[in-house]
Amino acid sequence: MSVAASAIYFLNLRGDVLINRLYRDDVGGNMVDAFRMHIMQTKELGTCPVRQIGGCSFLYMRISNVYIVIVVSSNANVACAFKFVVEAVALFKSYFGGAFDEDAIRNNFVLIYELLDEIMDFGYPQNLSPEILKLYITQEGVRSPFSSKASDKPVPNATLQVTGAVGWRREGLMYKKNEIFLDIVESVNLLMSSKGSVLRCDVTGKILMKCFLSGMPDLKLGLNDKIGLEKEAQLKSRPSKSGKTIELDDVTFHQCVNLTRFNSEKTVSFVPPDGEFELMKYRITEGVNLPFRVLPTIKELGRTRMEINVKVKSVFGAKMFALGVVVKVPVPKQTAKTSFQTTSGKAKYNASIDSLVWKYVLVTFI
């Protein structure tokens with residue numbers, strides 16, 4: 001569900017209304033008095049950015065010396081509301097020369113009202129891209145004397161971006177050499193019992209791409225996702241290929257990905273932005289193969305001494321290797337002296353993080 005904001009207020013630190021805009025008639029114009037009385041005067045601004053008073057919810061954020069307050073009367077998406085605030089502030093800064101404070105709002109209130117009418121319609125967020133809005137809202141704001149000079153970067157075609165065709169890539173890109181780079185970064189989260197059995201294990205990953213392609217390329221990315229391979233087999237009326245498959249959970253994509261095609265065909269099809277971007281994020285909870293196995297043993301030698309024995313074994317294939325392996329063993333804050341015995345690598349005591357740190361440059365199959 002979208003934000004469905006009923007009103008938005010810009011307040012200074014004293015609680016005075018600088019600018020407000022009512023998008024729906026389900027809240028009164030005096031709703032800001034409730035925010036000022038129940039939140040600002042009670043000094044509870046730093047406790048929680050979402051407060052419910054009566055039948056309305058107040059979502060607020062402080063930017064410099066200005067509070068931006070969104071009032072909603074229904075169950076709205078809080079994350080979407082704060083995302084709208086962040087992007088709206090970035091839009092205002094692009095018009096004001098990089099400054100957003102009480103003085104900038106007072107000097108540009110006419111321009112802000114015009115922008116508020118464009119970026120939100122009946123409480124629902126619209127296009128907040130500065131490059132697009134500057135094509136048909138050409139009024140220049142009062143720029144701060146400390147602001148940087150506006151860049152002369154060419155702007156994309158407005159019609160394509162406003163209609164949502166390709167709003168993340170400008171036309172006319174040309175490269176002498178077409179290149180594309182792809183990196184997969186994964187983090188393994190593991191909870192192990194004292195006996196060495198795995199209690200919980202999951203992987204969070206992301207696919208990073210760097211694209212230097214000419215024109216408007218349409219790319220497709222194949223994944224060994226179990227659901228995707230089964231869907232492809234159904235569409236082609238043939239049995240699914242045998243092999244290793246994974247089940248991806250909580251998948252989120254960059255806005256360039258064609259979600260309609262992914263939902264129907266499970267194919268990641270996209271027109272990539274120019275440069276570096278994050279294509280997708282995912283999480284894996286089933287069939288996780290751990291790269292290492294850690295076997296710790298802790299013995300207490302009296303009241304002031306402790307012996308820690310940690311064995312790390314690699315469990316990946318013989319053709320694979322690991323670079324820059326770091327193992328951190330937490331120790332009590334009162335640790336005064338340490339000694340080490342290592343079969344390989346280097347170890348030291350880092351008092352700033354209260355940990356024993358072991359590093360090894362290259363780890364191969366054991």
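Key figures for this structure:
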item: Residue within the stretch 23-34 that is over 23 Å from the mean Cα position of the chain (by Cα), exposed (fewer than 15 other Cβ atoms within 10 Å of the Cβ) and of a type in the set (S, T, N, Q) present; result: yes
item: Filtered residues of the stretch 258-288 (kept if farther than 19 Å from Gly215 by Cβ and in contact with a helix residue (DSSP H, G or I) (Cβ under 7 Å, 6 or more places away or on another chain)); result: Glu265, Lys266, Thr267, Val268
item: Qualifying residue in the stretch 283-306 (condition: among the hydrophobic types (A, V, I, L, M, F, W, C), closer than 19 Å to Asp183 by Cα and surrounded by 11 or more Cβ atoms within 10 Å (Cβ to Cβ)); result: yes
item: In the stretch 179-193, residue nearest to Val294 (Cα to Cα) [restricted to those that are modelled with pLDDT of 90 or more and among the charged types (D, E, K, R)]; result: Asp183
item: Residue check, Lys241 more than 33 Å from the chain's Cα centre (by Cα) and at pLDDT 80 or above; result: no
item: Selection from the stretch 1-19 of residues that are under 23 Å from Ala79 (Cβ atoms), surrounded by fewer than 17 Cβ atoms within 10 Å (Cβ to Cβ) and modelled with pLDDT of 80 or more; result: none
item: The stretch 169-187: number of residues that are of a type in the set (A, V, I, L, M), in a strand (DSSP E or B) and open to solvent by 90 Å² or more (accessible area, probe 1.4 Å); result: 1
item: Cβ pairs under 7 Å, 6+ apart, first in the stretch 261-280 and under 10 Å from Trp168 (Cβ atoms), second open to solvent by 30 Å² or more (accessible area, probe 1.4 Å); result: Phe270/Leu219; Phe270/Asn258; Val271/Met216; Val271/Asp218; Pro272/Leu219; Pro273/Trp168; Phe277/His254
item: Any hit, the stretch 138-150, residues being at pLDDT 75 or above, open to solvent by 60 Å² or more (accessible area, probe 1.4 Å) and not in a strand (DSSP E or B); result: yes
item: Some residue of the stretch 266-282 being farther than 30 Å from Pro217 by Cβ and surrounded by 12 or more Cβ atoms within 10 Å (Cβ to Cβ); result: no
item: Top-ranked residue of the stretch 63-116 - restricted to ones that are assigned to a loop (DSSP other than H, G, I, E, B) and over 25 Å from Gly28 (Cα atoms), ranked as most open to solvent (accessible area, probe 1.4 Å); result: Ser64
item: In the stretch 325-343, the residues that are surrounded by 10 or more Cβ atoms within 10 Å (Cβ to Cβ) and within 25 Å of Asn289 (Cβ to Cβ); result: Val325, Val327, Lys328, Val329
item: Failed condition for Gly28, given (1) more than 24 Å from Thr138 (Cβ to Cβ); (2) in contact (Cβ under 8 Å) with a residue 12 or more places away in the chain; (3) of a type in the set (Gly, Ala, Ser); result: (2)
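Yes/no matrix, rows are residues, columns are (1) touching a residue at least 24 places away in the same chain (Cβ under 8 Å); (2) surrounded by 14 or more Cβ atoms within 10 Å (Cβ to Cβ); (3) of a type in the set (Lys, Arg):
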{"site": "Lys311", "(1), (2), (3)": "no, no, yes"}
{"site": "Ser314", "(1), (2), (3)": "yes, yes, no"}
{"site": "Leu323", "(1), (2), (3)": "yes, no, no"}
{"site": "Asn350", "(1), (2), (3)": "no, no, no"}
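The values are calculated or read from the model by the stated rules, or taken from the named source; none is laboratory data. Small disclaimer: the values here were computed from a predicted structure and weren't measured. In this analysis, Cβ positions are derived from the backbone assuming ideal geometry, glycine residues included, and neighbour counts consider all displayed protein chains. Quick note on the areas: whole protein, heavy atoms, side chains included, nothing else; ligands and nucleic acids left out. Shrake-Rupley method; radii C 1.70, N 1.55, O 1.52, S 1.80 Å.
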